[in-house]
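Beneath this line is the structure, given in structure tokens, with notes to follow.
The values are calculated or read from the model by the stated rules, or taken from the named source; none is laboratory data. This is a predicted model, so every value here is computed, not measured. Ideal geometry is used to build each Cβ from the backbone, glycine not excepted, and the neighbour counts take in all protein chains shown.
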Amino acid sequence: MNRTPPVEVRRELRREVEFGCPADECGNPYLEWHHFDPPWSVREHHDPAGMVALCGEHHKKADAGAYTPEQLRAFKNNRAALVGGRFDWMRNSLLVVVGGNFYFETPIAVQFRQQPVVWLNRDDEGYLLLNLNMLTTAREPRAAMQDNFWLASGAPADLDCPPSGKRLKVSYDNGDRLGIEFLALDGANEVDIRYPGVQAMGWGLSFPITAVEVQMKVGGTDVEFGPRSTKLGGLQMTNCFMSHCGTGVVFG
């Protein structure tokens, strides 16, 4: 049996904990699944009654025996860590920022040929859900995520993913790296301060919005999306604004 649960099981686990890791003082929205009743090593199953959604940090602690089955069952109903309104920024209109270029209400931020690399969906409550399929020239696993659930991470040199869910950075020894940051912006003036020279007032947007900044480098290639410009071979782009495109940066 494949250890990855079916989509409907992941959705049920996520709904149980109301979007974030249920461990005390956590709430991280990027989740993994933990089998505890019985453990996967005892019986391979995808019974949501014996599973709980946890962030990567607390999943490792659970695997090490830090929690009893009773504590894990309690986690399935522990919503105290999620303060009301904490993740409301994930319900705002979407402004994808890739290498200094701006894409309003454009769910696919980066696409390689026909394959999305970074994209966002929304759940039934309107929350943004992050998806990754990180590119590499190395023959090793890289970060992959589906609707806020980690599918793989490989062996990163560094992984930064705080409980707020507003930042995700992962890098590898061969130079592969990916950075994603969510920013709540309440007006065009805040956009102009964050991105000097763009003159967002002329974009005609309604605020607040959530900007999702994407930075990416494929090690050993000339593909790089930096904080203020996009580089694809000899092509360099910056300060372009497009709306409802479906897809932002496409290459390959």
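Computed values, structure above
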{"read-out": "Matching strands (runs of 3 or more DSSP E) fully within the range 170-252 where at least 2 residues are in contact (Cβ under 8 Å) with a residue 24 or more places away in the chain", "value": "177-185, 209-217, 223-225, 230-232, 241-243, 247-251"}
{"read-out": "In the range 23-52, residue farthest from L151 (Cα to Cα) [restricted to those that are touching a residue at least 60 places away in the same chain (Cβ under 8 Å) and in contact with a helix residue (DSSP H, G or I) (Cβ under 9 Å, 6 or more places away or on another chain)]", "value": "C26"}
{"read-out": "Answer residue from the range 107-161, given it is within 22 Å of N2 (Cβ to Cβ) and of a type in the set (D, E, K, R) and is surrounded by the fewest Cβ atoms within 10 Å (Cβ to Cβ) among those", "value": "R139"}
{"read-out": "Residue in the range 58-79 that is of a type in the set (F, W, Y), outside the structural domain of P163 (by TED's automatic domain parsing) and in a loop (DSSP other than H, G, I, E, B) present", "value": "yes"}
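Listed here are the residues, each with its yes/no results for (1) among the aliphatic types (A, V, I, L, M); (2) touching a Phe, Trp or Tyr at 6+ places or on another chain (Cβ under 8 Å); (3) modelled with pLDDT of 95 or more.
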| site | (1), (2), (3) |
| --- | --- |
| D173 | no, no, yes |
| I180 | yes, no, yes |
| A184 | yes, yes, no |
| D192 | no, no, no |
| V198 | yes, yes, no |
| G204 | no, no, no |
| G220 | no, no, no |
| F225 | no, no, no |
| S229 | no, no, no |
